[in-house]
Amino acid sequence: MNVGAILIGMLPEHLLLGGVVTLMLAEIAGRREAGFAIALGAVLAALAAAGWMALTGFAGTPFPGHLSVDALAVTGKLLVLGLAFPVLLVSRDDFRDTRYYALLLSSLYGASLIPAAESFTTLFLAIELLSLPVYVLVMIGMQRPGGTEAALKYLVLGSTATAMLLMGISLLYGVTGSMAITAFADGLSGGQPLALAGAALVVLALLLKSAIVPFHAWAPDAYEAACVPVTAHMASIVKSGALLAALTVIGTTTLPASLLMLIATLALASMAWGNLAAIGQAGFRRLFAYSSIAHAGYLWFAFLGAGEGRSEAIVYYLIAYALMGLVAFSALPRGTDDAREDRLAALQGLFHRQPLAAVLLAAAMLSLAGLPPLPGFVAKFLVFQNVLAAGHVALAVLGLLASYLGLYVYLRVVQALFMAESPADASARPRALAWLALTLTALPAGWLMFFPGSVLGLL
Amino acid sequence: MADSALLNLVLWLPFAGMLALALLPAARAELIRGLSLALMAVQFALVAWLVARFDPAQGLQFATDLPWIPDWGVHYRIGLDGYNVLLVALTAFLGPLVVLGAQRAVTKDLKLFHAMIQGIQFAMLGTFLAQDLFVFYVFWEAMLIPMFLIIGIWGGERRVYATMKFVLYTAFGSILMLAALIYLVWTLNQTTGVRSFAFADLIGLNLPLDAQLWLLAAFGLSFAIKVPMVPLHTWLPDAHVEAPTTGSVILAGVLLKMGTYGFLKLGFPLFPEATRELAPWLMGLSVAGILYGACLALVQDDIKKVIAYSSISHLGYVMIGLLSFELVGIQGAIVQMVSHGLVAGGLFLMVGMIYERCHSRKIADYGGLAKLMPLYSVAFLLLTLASVGLPTTSGFTGEFMALLGAFAAGWKAQAAGDSLMLVYAVLAVLGVVLGALYMLRLAGALLFGAERAPHAPLNDLDGRERAILVAILAAVFWLGLAPGPALELTEGAAREYRAIVLGHAATEGGQ
């Protein structure tokens, strides 16, 4: 066993684990208020470690056959850890104890592990480690009476995904005799029906985790029931984790037509339904959940592209999507009454109360709509360009038309922000640390807007 | 080299202005207005200097070409050429007038208003100057956001409905254009191995006819919505009527030219075979637009609606000029774009002036303004005559040349045994008659008859308003009396456009 590789190759994860342990010790010692500081330290240290790995071009194999760190894995780690920083910042005012941060760090550990997984065992563990704490996190805020119900729904559907994933892995193992991730590609290339069934189950499980229609029903409830920081976590890190898992499994594999059509159909259905259902929502987080369903559709659409372009398209899309999502969540006015503030009506006239927050929130919405020159446009362009280049002209056109359906929803939010009168009782405003989170997400988003080439060149 | 830096300055000045305005304290209204006006004036001065140095004998000038997304072959390519030079001049010319025109009308959210005016100026100039399809698309779409806010915040009663309709209509066209754009660039890469979005690379691409037809349909839908061509025009009256004066002026003055400019610069040259194939259909739609717009303008009771529907009619002439494929028609089309920008922009400004005084746009509310506001009436009458296309005004130059082109094309087609084009040309002339009818009806109702106004006594034009109208009228008469320099600037581009659109036919005929 290569101790050096284990120590260095998993350094970000070790630092996160160190954070979890310290948090538990603090809980025992009765220093619960230190939770935020410890978590922040652990995440920043892990981020620095991942940054160092990216700068030095680190590659290593801590556990041969199970865990291997390559450039894509480092990029994935950098992505989720980078997103964790603003998520933590918006959490501080809602959660001052250790439990929340211990759960968040555990979830982060799973997300950070996913892109490095080389075997289905590791991948399974990482996905579960990512998801299990989130079931609790949805409930922990208890903002809504329906919180427990939503968490249970999420848990049950999440467990269904777990079951499907396990069943798929067993089928693939049965055909190929291997637990390695490559069993997915090997099984498919064999062309046996059993392997195809296994691969399809694995894909379906990952589709469920990404909240793709028809497996999306948990998302609106969970997003709405959770409080803002947990929703921000789900919309950015958990979503990224699910897509990175899909990228790890599918990678550059040439998918058989049946599987391709399955993904294309469900992704298109997600775009269309997510965008349409979002129109009727009165709550901001529910609206965002439906929007995230549509965006999961765009992300999965990238798998229709040729193998080599997929990781670039998906990672770039995740960066643009998660950054703008976090901009939106940081810019939200927050007060004491969550149920009231979550209503879309509470955002009316925000421009007259908090001009900067309103402008950034509007920019986030228009970026999610994919309007140039905002970062979401280049991301969407890249996805559809790859799909079209792979020869799926009709699908690309359908996808673009489905994305058009979303425009109205986002315009409606902008309209509320700028063109409506403030409600009489509006006193909520973004919190102090949320401003820092806003700066930390808006600046890179601005960079992405003006210099998309610089980031695309790195991927 | 220095000149290309100057062109970049012209483009980015409004962007910098937008940021600078955002940093000013909202309470300093005079400072905000002053800065906004100063930026526009400086920009116009720079554009005037560049246009004066523009050499008609050469193609693209003052160009910049920097890699933007190198992996995809996207370059930041901008430059002045015969296609865009007059439209850039028009945009820069209207800029200060738009800011001046809004001096009194806009008081709500002043800072955001001026930031958005600068923002849309940036996007419009970028769309005209772009020489790279990706850059073009980004600017093209970026125009939506400021316009969405301008109509939606400072507009009339049904502003939210109107602005949503405007954005949803135009964005639908854009999404199909995006699909076509991706396909086009991918095809270029497939056939030549070049990854590029440059107009120059894409225009040489020889696509099969059926692909050309699909792509032209996608690009054309986007442009046709913007023009707007009948039957895709229904967003325009709503947007115009609900928009604040400034919004209407920008819409009529510059934004409506985006569609026809798109056809001239991209739509037709990119897909020449399909263009020739579809030309009779497009010509028919344009003539239908001329007549339909004119007929609708005849029966409106709202001043703004008359001018809005007249825009549909007047832009039809641009389309028939472009589709005549005759040099005189093409040049006429370009002049008509500028002329309509000046005349319709001026008329909307004048509607704004009377609306500020009386808060009504109903034709029936007014009468005998010639006695109540003599100066106003003179200016209104002159713009009316320019809109009708009276000789010595810019409207005459544009419409006459466009019609001349249509007739020339019609005679040629007639000689070849196809009289449809000639019929279209004759019908288009009918539009001129209708145009005289509705504009003179409007002017007659407003200016003559019993003296009547919702708000008396009325002050005649003040110094600011006089300055605006003198500038516009000077430009209108300049283009009408001495169109030579303007035609000289665009001649090269018109020849090039004609050669590209007809060029492949010649080689085909030889085969």
Review point. Does at least one position in segment B:151-162 carry a residue that is surrounded by fewer than 20 Cβ atoms within 10 Å (Cβ to Cβ), of a type outside the set (S, T, Y) and in a helix (DSSP H, G or I)?
Key: yes
Check your understanding: When you look at B:L149, is it at the interface with another protein chain (Cβ under 7 Å from one of its Cβ atoms), free of Cβ contacts under 8 Å to residues at least 40 places away in the same chain and not small (G, A, S), yes or no?
Key -> yes
Review point. For segment A:101-116, how many residues meet the condition of being buried (at least 24 other Cβ atoms within 10 Å of the Cβ) and either in a loop (DSSP other than H, G, I, E, B) or more than 17 Å from the chain's Cα centre (by Cα) (or both)?
Key: 1
Check your understanding: Has segment A:52-60 got at least one residue that is in a strand (DSSP E or B) and in contact with a Gly (Cβ under 7 Å, 6 or more places away or on another chain)?
Key -> yes
Check your understanding: Where in segment B:378-490 are the helices (runs of 4 or more DSSP H), entirely inside, with at least 1 residues that are closer than 26 Å to B:P56 by Cβ?
Key -> B:394-415, B:463-481
Study note, to complete from the structure: When B:G193 is run through (1) within 9 Å of another protein chain (Cβ to nearest Cβ); (2) on the phi > 0 side of the Ramachandran plot, the failure sits at (1)
Practice item. Might you check whether a residue that is touching a strand residue (DSSP E or B) at 6+ places or on another chain (Cβ under 9 Å) and among the β-branched types (V, I, T) occurs anywhere in segment A:138-156? Key: no
Exercise for review: Would you please name the residue that is farthest from A:A328 (Cα to Cα), looking only at residues in segment A:414-438 that are crowded, with 19+ Cβ neighbours inside 10 Å and more than 12 Å from chain B (Cβ to nearest Cβ)?
Suggested key: A:A426
Check your understanding: Residues in segment B:392-402 that are more than 19 Å from the chain's Cα centre (by Cα) and either at pLDDT below 90 or buried (at least 23 other Cβ atoms within 10 Å of the Cβ) (or both): how many?
Key -> 0
Review point. Can you tell me how many residues in segment B:166-186 are more than 20 Å from the chain's Cα centre (by Cα) and over 15 Å from A:V387 (Cβ atoms)?
Key: 2
Point to revise | Where a residue in segment B:333-360 is within 24 Å of B:L322 (Cβ to Cβ) and its partner, wherever it lies, is of a type in the set (S, T, Y) and assigned to a helix (DSSP H, G or I), with Cβ under 6 Å and at least six apart | key: B:I334/B:T490; B:V335/B:T397; B:Q336/B:Y317; B:M337/B:T260; B:S339/B:S394; B:V343/B:S387; B:A344/B:S311
Review point. What is the one condition in (1) surrounded by fewer than 18 Cβ atoms within 10 Å (Cβ to Cβ); (2) away from chain A (no Cβ under 14 Å) that B:L202 does not satisfy?
Key: (1)
**Study point:** Criterion (buried (at least 24 other Cβ atoms within 10 Å of the Cβ), over 18 Å from B:E326 (Cα atoms) and either of a type outside the set (D, E) or under 17 Å from the mean Cα position of the chain (by Cα) (or both)) met by exactly one of B:A288, B:A297
**Key:** B:A297
Check your understanding: So, of the residues in segment A:370-399 that are facing chain B (nearest Cβ under 8 Å) and more than 22 Å from B:Q190 (Cα to Cα), which turns out to be surrounded by the fewest Cβ atoms within 10 Å (Cβ to Cβ)?
Key -> A:P373
Exercise for review: Name the residue, out of A:A54, A:A71, A:A26, that is more than 30 Å from A:V327 (Cβ to Cβ) and surrounded by fewer than 22 Cβ atoms within 10 Å (Cβ to Cβ).
Suggested key: A:A26
Review point. Somewhere in segment A:328-350, is a residue touching a residue at least 60 places away in the same chain (Cβ under 8 Å), within 14 Å of chain B (Cβ to nearest Cβ) and farther than 27 Å from A:G141 by Cα?
Key: yes
Study note, to complete from the structure: Residue pairs within 7 Å by beta carbon, gap of at least six or interchain, first lying in segment B:470-487 and closer than 14 Å to B:S387 by Cα, second outside any helix (DSSP H, G or I) and of a type outside the set (D, E, K, R), listed first then second, are B:V476/B:T393; B:F477/B:T392; B:F477/B:T393; B:G480/B:T392; B:G480/B:T393
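Yes/no matrix, rows are residues, columns are (1) in a loop (DSSP other than H, G, I, E, B); (2) over 13 Å from the mean Cα position of the chain (by Cα); (3) within 23 Å of B:H114 (Cα to Cα):
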residue	(1), (2), (3)
B:A211	no, yes, no
B:L232	yes, yes, no
B:H240	no, yes, yes
B:V249	no, no, yes
B:A252	no, no, yes
B:L255	no, no, yes
B:Y261	no, no, no
B:F268	no, yes, no
Point to revise | Options B:V328, B:V343; residue that is crowded, with 22+ Cβ neighbours inside 10 Å and among the β-branched types (V, I, T) | key: B:V343
Revision key, fill the gap. Of the residues in segment A:233-278, those that are of a type in the set (V, I, T) and in contact with a Pro (Cβ under 8 Å, 6 or more places away or on another chain) come to A:T248
Exercise for review: Could you please tell me which pairs satisfy a Cβ distance under 7 Å, a separation of 6+ or placement on different chains, a first residue in segment B:153-178 that is more than 9 Å from chain A (Cβ to nearest Cβ), and a second residue that is surrounded by fewer than 20 Cβ atoms within 10 Å (Cβ to Cβ) and of a type outside the set (A, V, I, L, M, F, W, C)?
Suggested key: B:W154/B:K108
Point to revise | Per-region count, segment A:66-100, residues polar (S, T, N, Q), within 16 Å of the chain's Cα centre (by Cα) and closer than 17 Å to A:F36 by Cβ | key: 0
Check your understanding: Here are A:A302, A:A328, A:A339: which of them is at pLDDT 90 or above and within 20 Å of A:S422 (Cα to Cα)?
Key -> A:A328
Practice item. Sort out which residues of segment B:36-60 are buried (at least 18 other Cβ atoms within 10 Å of the Cβ) and free of Cβ contacts under 8 Å to residues at least 60 places away in the same chain, and write them in order of number. Key: B:F44, B:V47, B:L50
Check your understanding: Pick from B:A344, B:A364: which is out of contact with any helix residue (DSSP H, G or I) (no Cβ under 6 Å at 6 or more places or on another chain), within 17 Å of B:D302 (Cα to Cα) and part of a helix (DSSP H, G or I)?
Key -> B:A364
Exercise for review: Please verify whether segment A:120-134 includes one or more residues that are over 20 Å from the mean Cα position of the chain (by Cα) and either in a loop (DSSP other than H, G, I, E, B) or charged (D, E, K, R) (or both).
Suggested key: no
Study note, to complete from the structure: The residue from A:Y321, A:Y316 that alone is within 16 Å of the chain's Cα centre (by Cα), modelled with pLDDT under 95 and within 19 Å of A:A219 (Cα to Cα) is A:Y321
Point to revise | Flag for A:Y290 being over 30 Å from B:A22 (Cβ atoms) and surrounded by 23 or more Cβ atoms within 10 Å (Cβ to Cβ) | key: yes
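The values are calculated or read from the model by the stated rules, or taken from the named source; none is laboratory data. Everything numeric in this text was worked out from a predicted model, so none of it was measured. Neighbour counts are summed over all protein chains in view; Cβ atoms, including those assigned to glycine, are modelled from backbone coordinates with ideal geometry.
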